[in-house]
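Below: the structure, in C-alpha cells.
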Amino acid sequence: MPSSKKKETQPGYKVERLEARISAQEKAIFAKAAAIQGRTLTEFVVSSLHEASSRVIQSHEIIRLAEQDREAFVQALLNPPEPNSNLKAAAKRYLQRKSG
C-alpha cells in the first residue's frame, strides 16, 4: 500500500485548503454556473480562481515590462550608445546613395 507521504510530494497532489465566507446568493450563482459547465462547485471555484489569478499576474507582468521598456527607451535617447561599425557602414552607404 503506498504511503500518504509519497502522494503529498507528487506534483499536483492537493493538500492545501482554501475557505471563504460567502453569501447564500453568491453560492447559488456559483453553483448555477458550475452546473452549467458540468463541474462541481469546488472544481468551478478553483478553476475560476486560477483563471482570474493568471490574468492578474499576466496584466501585472505586462505593465511592469512596459515600464522597464519605457525606461530603457528614455535612457537610450538621453545616453545613446556609440554607433558600431555596422551602423557606420550603413550610414555611409545611405549617404553615398543619397548623393549619387
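The values are calculated or read from the model by the stated rules, or taken from the named source; none is laboratory data. Please read these numbers as outputs of a predicted model, since none were measured by experiment. Cβ placement follows ideal geometry from the backbone for every residue including glycine, while neighbour counts extend to all protein chains displayed.
Kindly indicate whether any position in the range 77-86 is surrounded by 10 or more Cβ atoms within 10 Å (Cβ to Cβ) and over 30 Å from Leu18 (Cβ atoms).
Step one: of the range 77-86, the residues surrounded by 10 or more Cβ atoms within 10 Å (Cβ to Cβ) are 83.
Filter once more, keeping what is over 30 Å from Leu18 (Cβ atoms): 83.
Within the range 77-86 (the criterion being surrounded by 10 or more Cβ atoms within 10 Å (Cβ to Cβ) and over 30 Å from Leu18 (Cβ atoms)), the answer is yes, since at least one residue qualifies.
State yes or no: is His60 at pLDDT below 90 and of a type outside the set (Ser, Thr, Tyr)?
Yes.
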